[in-house]
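Read through the structure below, which is laid out as structure tokens, and then see the notes.
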Amino acid sequence: MDNYELIQRHDKGTKLCSLMNHMKSVSPTYNEIISKGKDILPDILKYLRDYQGGMNVMLLLWKITKTSPYKPEKINGTAFAGFDVSAARQAWIEWGKKEKLIA
């Protein structure tokens with residue numbers, strides 16, 4: 001199975017997962033993707049860009065890079081933050097371009 005198929009299978013199998021621990025327990029692809037390390041980053045970023053991957057795909061990026069280019073804004077001065085999936089996706093794509101991982 002190539003990287004695209006692996007990422008696609010992960011995306012489809014974890015659409016409703018937003019917690020990493022839950023994703024690890026339900027996805028046979030999660031550990032396989034993570035084990036590829038930074039070599040798979042361009043493919044994940046392209047998938048995110050081309051197929052509108054969601055939080056479940058972005059969590060892979062976060063786990064591998066140990067960073068997040070997206071900083072959610074606090075809601076009305078509370079301790080809670082609003083998460084905008086589209087803005088987060090765009091931040092990751094811009095990060096990938098800056099890091100020269102995607103064009």
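The values are calculated or read from the model by the stated rules, or taken from the named source; none is laboratory data. What you are looking at is a predicted structure, and each value in this text was computed from that prediction instead of being measured. These accessible areas exclude ligands, DNA and RNA; they are computed on the full protein's heavy atoms, side chains included. Shrake-Rupley method; radii C 1.70, N 1.55, O 1.52, S 1.80 Å.
Taking segment 30-65 as the search range and keeping residues that are of a type in the set (Ser, Thr, Tyr) and open to solvent by 10 Å² or more (accessible area, probe 1.4 Å), which one is farthest from ASN3 (Cα to Cα)? Talk me through it step by step, then tell me what you get.
Initially, segment 30-65 is screened for residues of a type in the set (Ser, Thr, Tyr), giving 30, 35, 47, 51, 65.
This time we only want the ones that are open to solvent by 10 Å² or more (accessible area, probe 1.4 Å), so: 35, 47, 51, 65.
Numbers: SER35: 12, TYR47: 10, TYR51: 14, THR65: 17 Å.
Result: THR65.
I'm checking my understanding of the structure. Among residues of segment 45-71 that are over 10 Å from ILE93 (Cα atoms) and not in a helix (DSSP H, G or I), which one is farthest from the chain's Cα centre (by Cα)?
Checked segment 45-71; the qualifying residue farthest from the chain's Cα centre (by Cα) is LYS71.
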